[in-house]
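Read through the structure below, which is laid out as structure tokens, and then see the notes.
The values are calculated or read from the model by the stated rules, or taken from the named source; none is laboratory data. All values derive from a computational prediction rather than experimental measurement. Here the Cβ is made from the backbone with ideal geometry for all residues, glycine too, and neighbour counts use every protein chain on show. Only protein heavy atoms, including side chains, enter the accessible area calculation; ligands, DNA and RNA are left aside. Shrake-Rupley method; radii C 1.70, N 1.55, O 1.52, S 1.80 Å.
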Amino acid sequence: MVYTIRSICTIVNGELLQAPSDAPVEHLVYDTRRVQQSQTSLFFAIHTEHNNGHKYLEDAYALGVRNFMISEAADLSVWPEANVIRVADTLIALQCLAAYHRRQFTLPVIGITGSNGKTIVKEWLYQLLQDEYSIIRSPKSYNSQLGVALSVWQINEHHTLGIFEAGISTTGEMERLQPMILPDIGILTNLGEAHAEGFTSREEKALEKLKLFEASDKLLFHQKDWLAPVTKWRQALKAPHGHTEYITWNREGADTDDKPVLQIRTQKVENAGTRLEALYKEQPIRLQLPFTDTASIENAIHCWLLMLQLGYDQKLISERFSRLHSVEMRLQLRHGVNECIIINDSYSADLTSLEMALQFLAQQSSGLKRTVILSDLLETGRSAEELYAKVLELLKANYVRKLICIGPESSARLASYADGGKGLQVLVYTDTDVFLQQFKPSFFNNEIILIKGARRFGFERIALLFERRLHQTVLEINLNALAQNLKAYRSVLSERTRIMAMVKAFSYGSGGAEIASVLQYHRVNYLGVAYADEGVELRKAGIYLPIMVMNAEPSSFPSIVEYELQPVLYSSGIFSAFEAYIISQGLTAYPVHAEVETGMNRLGFAPTEIPELANRLAATPYFRLETVFTHLAASEDPAQDEFTKQQAQLFRKAVSSLSEKISYPFLKHLANSAAIIRHPELQMDMVRLGIGLYGVEVDSQDRLKLTAVARLRSTVAQLKKVKAGESISYNRKGIVTRDSLIATIRIGYADGYSRRFGNGKGSMWVRGQLAPVIGTVCMDMTMIDVTEIPDVQEGDDVILFGPELPVQTVAGWIDTIPYELMTSVSHRVKRIYFHE
């Protein structure tokens with residue numbers, strides 16, 4: 001279908017403020033960081049609780065966007081080429097457009113909702129049905145008010161089946177999702193406690209979710225979870241919506257009068273999987289699943305029931321399920337050979353997921369050359385010419401410089417570009433085995449590599465080639481959690497308050513450039529580092545945000561100036577030394593920051609020195625003051641609140657003295673992570689966000705509900721049965737008092753696991769339980785007592801700290817703080833970054 005700016009204006013009932021051209025619209029965008037095909041994009045200036053898309057209209061115009069949907073007044077004279085529609089609410093207009101687009105197609109659509117398992121069921125159905133259908137589905141977990149609209153917009157005439165998931169967090173939301181999805185078949189997954197806070201009861205949540213299926217022909221669900229709310233909902237439905245056929249499954253012996261269509265009679269774990277025996281319409285059938293956990297089994301049963309309803313033969317169903325694989329919900333970012341960064345997305349390959357993976361590649365590239373290893377794409381609805389033309393368009397828009405095609409289709413279609421034309425180096429391989437045989441690590445150096453392949457191509461083998469061979473102790477970094485924590489802090493800041501994110505000490509052990517790239521993408525205003533070399537590392541990685549260096553020293557001045565870092569002036573001596581260096585370089589108005597000492601007694605100008613500092617800053621042409629700040633000594637401690645107020649008073653007095661002498665504006669900041677929550681009156685112009693970004697809650701009331709960003713994990717190397725009276729580790733300080741089972745874990749003090757955790761001070765999380773450390777922590781190994789934990793196996797995961805075991809708790813065991821534990825994790829511990 002072809003949409004123009006004028007036809008869209010009619011569809012959304014908008015006001016066409018300006019239209020120098022009736023431009024075609026193919027792409028809907030709301031985030032300037034994701035603009036790719038600017039000329040055919042329509043930018044929606046969406047107003048959210050914590051942001052306003054109208055602030056980015058100028059950015060979008062500068063990127064080449066010429067179509068806009070706004071709801072606030074704007075000076076259009078500065079955008080003479082822009083086509084502009086004004087509506088009352090841009091999000092509602094986007095949803096209205098998506099709903100209109102959905103009604104133009106008659107393809108069958110499956111709608112999925114529930115508390116848990118929506119994305120898994122959707123992705124498994126895609127795996128199971130893709131051989132027969134050209135499927136359009138929600139990317140990843142795009143199930144929100146915004147995500148559903150963007151997903152539905154992707155439907156085109158080539159698609160023969162749609163699969164969309166819908167998630168809601170409060171009442172009234174499903175009425176807006178239902179017209180966009182219009183499912184013919186509905187699937188209700190597990191009804192759990194997720195997102196329960198927006199509803200008065202479990203029943204209310206269930207009834208709200210059922211509103212998605214008011215016009216559906218079939219509805220599949222587990223009787224145990226859904227029979228009662230579905231019955232109540234059915235009674236309330238008015239004609240003509242009472243025709244929905246209810247197709248249910250349950251386990252034998254379940255307490256219900258209604259007989260399920262699919263009855264699970266037995267469930268048995270065997271051969272690292274699960275064997276199900278069942279009755280379908282009173283006929284015996286069986287299915288072998290490659291999973292054993294309860295959630296996966298229930299999700300698979302929903303898929304099984306749908307395939308049976310669609311008329312699939314049980315033999316074919318069994319063959320398809322044997323190839324089913326767990327859904328990797330997150331992109332993995334790891335360091336690889338030859339200073340390369342690897343993004344592993346080796347389980348799916350279609351145009352929509354490729355576009356999302358390329359966006360993440362661009363976010364994390366930080367100046368590195370961009371390489372993509374791509375399999376054939378599995379989009380059977382498009383012609384090959386059209387599909388691969390679109391692939392090339394996406395690669396060009398994301399500045400990919402090297403493309404490795406694996407598979408007969410992509411090789412044939414893209415081989416003509418192998419001469420390096422159009423700025424893209426292309427290499428082609430007919431299959432994965434050929435690539436593996438010819439792989440040379442030396443061919444890849446200092447680049448970021450996206451590995452994107454359909455499951456059948458086995459690209460996980462390629463990912464292994466690039467990995468550095470380090471031991472099995474890893475620090476996992478959840479980049480989504482970092483972004484969520486940033487959003488949580490923004491929710492309590494005024495719109496005018498800026499954010500300086502502290503990334504000193506290798507981002508509290510989590511990784512410098514990787515963390516900084518996410519923060520840059522999410523538009524923090526400044527970054528803060530401790531020393532110049534940390535800032536240099538970020539600049540070399542392509543970080544362009546202003547970077548404040550807190551501990552500048554004369555030997556670092558050349559690097560500071562070369563890499564455009566901004567030093568903190570904290571004493572008269574450092575002021576004079578840096579001024580002399582700036583003069584020697586022939587520079588003027590160099591950006592600097594000033595630190596005021598108010599009670600921390602570490603670095604900074606004393607209150608008595610402020611008048612002189614003000615005079616010097618006002619008189620010198622060589623500096624321009626960017627910000628002035630101080631450090632709060634105990635903002636997290638209620639017992640020290642009076643001292644915190646005294647520090648703030650001293651700081652305000654210093655700022656007043658500086659403002660009297662300095663004619664231009666500068667920013668003031670003193671609030672850290674704790675003060676943002678406990679002392680909101682101290683926000684001023686900017687806040688410095690540190691440990692809170694990484695999910696360490698500094699507020700005892702846990703008001704922000706932060707998510708742990710880092711998880712330190714290792715594995716069980718060996719299990720030993722030890723008799724009572726025997727000793728464990730060096731110095732024989734660990735004596736077992738009973739026959740015990742001891743697990744040796746692949747982590748020691750050389751990895752950053754302190755010796756203070758020895759002899760029962762610390763514990764580790766194994767199979768959902770705490771296991772105490774026994775004996776002395778060794779350099780590379782630590783022993784724990786797992787006698788009371790059933791079924792522990794060699795190779796099992798062990799958590800040192802993370803969401804399951806908060807770093808605050810672990811730090812308390814040895815009377816320290818989370819900062820010490822996080823920054824102590826050795827660089828020999830591999831960092832793995834995830835993006836969901």
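With Cβ to Cβ distances under 10 Å as the rule, what net charge do the other residues near A454 carry (K, R +1; D, E -1)? Summing Lys and Arg as +1 and Asp and Glu as -1 gives +1.
Express as a percent, rounded to the nearest 5, the fraction of DSSP beta bridges in the chain (both residues included) that run antiparallel.
Approximately 40 percent, going by the DSSP bridge assignments.
Give me the percent of the accessible area of the range 516-580 that comes from carbon and sulfur atoms, probe 1.4 Å, all protein chains in place. On the range 516-580, the fraction of accessible area on carbon and sulfur atoms equals 50 percent.
As a test of reading the structure, rank S826, S517 by solvent-accessible area (1.4 Å probe, protein chains only), most first. It would help to have the intermediate numbers written out before the result.
Working: S826 25, S517 5 Å².
Accessible-area ranking of S826, S517, largest first: S826, S517.
Reported to the nearest whole Å, the Cα centre-to-centre distance from the range 683-698 to the range 621-679 is 15. Over the chain, accessible surface divided per residue gives 42 Å², non-protein components excluded, 1.4 Å probe.
Note on E386: accessible area is roughly 80 Å² with a 1.4 Å probe, heavy atoms of protein only.
Within the assembled protein chains, the solvent-accessible surface assigned to K224 is about 150 Å², based on a 1.4 Å probe.
When both the range 168-218 and the range 426-502 are represented by their alpha-carbon centers, they are found 34 Å apart. Once the C-beta distance of Y399 and V78 is scaled by a Förster radius of 22 Å, the resulting FRET efficiency is 0.20 to the nearest 0.05.
Here the range 569-661 was treated as a single set of alpha-carbon atoms; its pair distances binned every 5 Å from 0 give 3, 14, 24, 22, 15, 10, 6, 4, 2, 1, 0 percent. FRET efficiency for the A619 to N52 pair, using the beta carbon distance and R₀ = 35 Å, is estimated at 0.30.
For G535, the shell of other residues with beta-carbons less than 11 Å away shows a net charge of -2, using +1 for Lys and Arg and -1 for Asp and Glu.
Mean separation of Cα pairs under 8 Å and 6+ residues apart, divided by the residue count of the chain: what relative contact order is that in percent? Relative contact order, the chain: 8 percent.
As a rough guide to protection, the peptides 267-279, 88-100 ranked by mean Cβ packing within 10 Å, highest first, stand as 88-100, 267-279. Each Lys or Arg adds one and each Asp or Glu subtracts one; over the other residues with Cβ under 12 Å from the Cβ of Y563, this totals -3.
Using the rule -39500 (n - 2.57) for each DSSP H run of four or more residues, divided by the residues of the chain, the 222 nm mean residue ellipticity is -9000 deg cm²/dmol.
Each residue of the range 623-640 was assigned a 3J(HN,Hα) from its phi angle through the Karplus curve 6.51 cos²θ - 1.76 cosθ + 1.60 (θ = phi - 60°); the sequence is 10, 10, 6, 7, 8, 10, 8, 9, 9, 7, 7, 8, 5, 7, 9, x, 5, 10 Hz, with glycine and proline shown as x. For the pair R523 and N551, a Förster radius of 30 Å applied to the C-beta separation gives a FRET efficiency near 0.70, rounded to the nearest 0.05.
At 1.4 Å probe size, with no ligands or nucleic acids counted, give the accessible surface of V35 in Å², nearest ten. Counting only protein heavy atoms, the figure is 30 Å². Across the chain, the convex hull enclosing all Cα atoms gives 206 Å³ per residue. Once you reduce the range 47-110 and the range 546-568 to the center of their Cα atoms, the two points are 42 Å from each other. For a paramagnetic label modelled at 7 Å from the Cα of F643 toward its Cβ, which residues of the range 808-826 fall within the zone defined by backbone nitrogen distances under 17 Å? Those under the cut-off are 817. Here is the P(r) of the range 534-605: all C-alpha pair distances, binned every 10 Å from 0, give 19, 51, 26, 4 in whole percents.
Note: the range 81-151, Cα convex hull, 130 Å³ per residue.
How compact is the range 154-312 by the rule of thumb for globular proteins, expressed as Cα Rg over 2.2 N^0.38 Å? Walk me through the intermediate numbers first.
Working: Rg = 16.6 Å, N = 159, 2.2 N^0.38 = 15.1 Å.
Compactness ratio reported: 1.10.
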